[in-house]
1. Please work out which one of (1) closer than 20 Å to R17 by Cβ; (2) not assigned by TED's automatic domain parsing to the domain that holds A198 is the condition M65 fails and give its number.
2. What's the number of the only condition in (1) outside the structural domain of L217 (by TED's automatic domain parsing); (2) within 20 Å of the chain's Cα centre (by Cα) that P46 fails to meet?
3. Would you say Q160 is assigned to a helix (DSSP H, G or I) and at pLDDT below 95?
4. How about the stretch 204-216: which of its residues are surrounded by fewer than 16 Cβ atoms within 10 Å (Cβ to Cβ) and touching a residue at least 60 places away in the same chain (Cβ under 8 Å)?
5. From T188, T176, grab the single residue that is within 17 Å of the chain's Cα centre (by Cα), of a type in the set (S, T, Y) and more than 15 Å from I86 (Cβ to Cβ).
6. Residues to consider are E72, E129, E80; find the one that is farther than 30 Å from L36 by Cβ and out of contact with any Asp or Glu (no Cβ under 6 Å at 6 or more places or on another chain).
7. Suppose we filter the stretch 88-131 for residues that are acidic (D, E) and more than 27 Å from G193 (Cβ to Cβ); how many remain?
8. For A121, are the conditions met, namely being out of contact with any strand residue (DSSP E or B) (no Cβ under 7 Å at 6 or more places or on another chain), at pLDDT 95 or above and small (G, A, S)?
Amino acid sequence: MNQTQTSESDEPYERLRALIVNGSLRPGEALSERSLAERLQVGRTPIREAVKWLARDGLLEIVPMRGTFVREMSVGDLREIHEMRIALEGMAAFLAARRGSCASLDDTAARLEALAEGIAAEQALDVDEAQSIGWAFHEAMFECADNQRLRQAYQNLRAQSGLALRRVERYSVERTREAVLEHLEICTAIKAGDGEQARRLVYAHLERALQIRLKFLAHLGEERT
């Protein structure tokens with residue numbers, strides 16, 4: 001959100017954004033100022049302002065003569081988002097390695113290590129839990145990077161990523177195990193202060209994730225034809 005926005009419009013923006021991010025409002029769903037105002041119990045003017053900013057954030061689409069819709073992300077959008085994530089998260093890992101670990105990274109690293117121990121012991125893996133810890137790890141990299149503008153850019157991109165990934169089923173157990181170990185490798189590089197290695201590992205991790213998701217979407221398209 002632009003810093004020039006008034007605090008009066010912040011709450012409707014945040015609440016509407018949350019409804020999009022958590023899936024309460026689905027991709028392609030048509031929205032109206034009136035229904036949103038009733039749902040959020042606010043006036044139509046702050047709703048109009050929130051819709052404008054969310055469209056600029058890439059979460060809503062305003063179509064002239066048709067209305068406002070929750071943005072539906074295409075395969076091209078997914079690819080662009082991943083390319084941006086590679087750039088932003090690679091820099092976050094590099095800066096985190098330069099500036100040193102922080103409490104949130106140490107915490108997620110410990111949780112990842114616990115998952116890795118379970119994997120080594122061939123225990124059942126909770127895919128949802130592992131993915132939640134994985135997202136927390138990515139967020140922790142930005143906290144350690146200590147660059148607010150970088151983090152703000154990531155937060156907006158993460159919301160768009162969430163919309164794009166609604167088209168993709170959750171990872172398989174096998175891929176989730178791989179991701180846990182990849183996260184730990186990145187963490188090791190950050191804690192060792194090796195920024196270039198951390199950046200390379202982030203690139204490989206996200207590139208692998210992108211190719212798996214594109215393959216899934218291509219297969220899904222074949223099934224529908």
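1. For M65, the failing item is (1).
2. Unmet condition: (2).
3. Working: assigned to a helix (DSSP H, G or I): yes; at pLDDT below 95: yes.
Against the criterion (assigned to a helix (DSSP H, G or I) and at pLDDT below 95), Q160 qualifies.
4. Once the filter is applied, which keeps residues that are surrounded by fewer than 16 Cβ atoms within 10 Å (Cβ to Cβ) and touching a residue at least 60 places away in the same chain (Cβ under 8 Å), the stretch 204-216 yields E207, L214.
5. On the way: T188 fails: within 17 Å of the chain's Cα centre (by Cα).
So the residue among T188, T176 that is within 17 Å of the chain's Cα centre (by Cα), of a type in the set (S, T, Y) and more than 15 Å from I86 (Cβ to Cβ) is T176.
6. Working: E72 fails: farther than 30 Å from L36 by Cβ; E80 fails: farther than 30 Å from L36 by Cβ.
The unique qualifying residue is E129.
7. Step one: filter the stretch 88-131 for residues acidic (D, E), giving 89, 106-107, 113, 117, 122, 126, 128-129.
Retained after the next criterion (residues that are more than 27 Å from G193 (Cβ to Cβ)): 122, 126, 128-129.
Summing the residues that are acidic (D, E) and more than 27 Å from G193 (Cβ to Cβ) in the stretch 88-131 gives 4.
8. Values: out of contact with any strand residue (DSSP E or B) (no Cβ under 7 Å at 6 or more places or on another chain): yes; at pLDDT 95 or above: no; small (G, A, S): yes.
No: the conditions fail for A121.
The values are calculated or read from the model by the stated rules, or taken from the named source; none is laboratory data. Note that this is a predicted model, so its numbers are computed, not measured. Neighbour counts run over all protein chains shown; Cβ positions are idealised from the backbone, glycine included.
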